[in-house]
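Let me begin by presenting the structure, written as structure tokens, before commenting on it.
Please treat every number below as a calculation from the coordinates, not as lab data. Here the structure is a predicted model, which means the values were calculated and not measured. Here Cβ is always computed from backbone atoms with ideal geometry, including for glycine, and neighbour counts include all displayed protein chains.
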Ligand SMILES: [Zn+2]
């Protein structure tokens, strides 16, 4: 099990989501999750494509995690 991290769009640094997953669980994570960010105190939403497991390489893209963005992305 590893911590699921996302890039905090406010502090622009990795922040733990509070979720712990193994790679199999992470690969199956298709929903949209929300958490209170330990880095900035805001609620962020994230999807698997925004996140990475601690100890693995972060996704090389601009993070799409934004506060209260209701627009649904492409479903997996
Ligand atoms: Zn944050």
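Expressed in nm², what is the orientationally averaged projection area of the convex hull enclosing the Cα positions of region 2-59? The partial results should precede the final answer.
On the way: hull surface 13.7 nm².
Computed as one quarter of the Cα hull surface, the answer is 3.4 nm².
Could you list 8, 40 in order of exposure, starting from the residue whose Cβ has the fewest other Cβ atoms within 10 Å? Can you show the working numbers first?
Working: 8 19, 40 16.
The fewest-first ordering by Cβ neighbours comes to 40, 8.
Modelling each spin label as a point 7 Å along the Cα-to-Cβ direction, I'd like the residue 12/residue 27 distance in nm, to one decimal.
About 3.4 nm, to one decimal.
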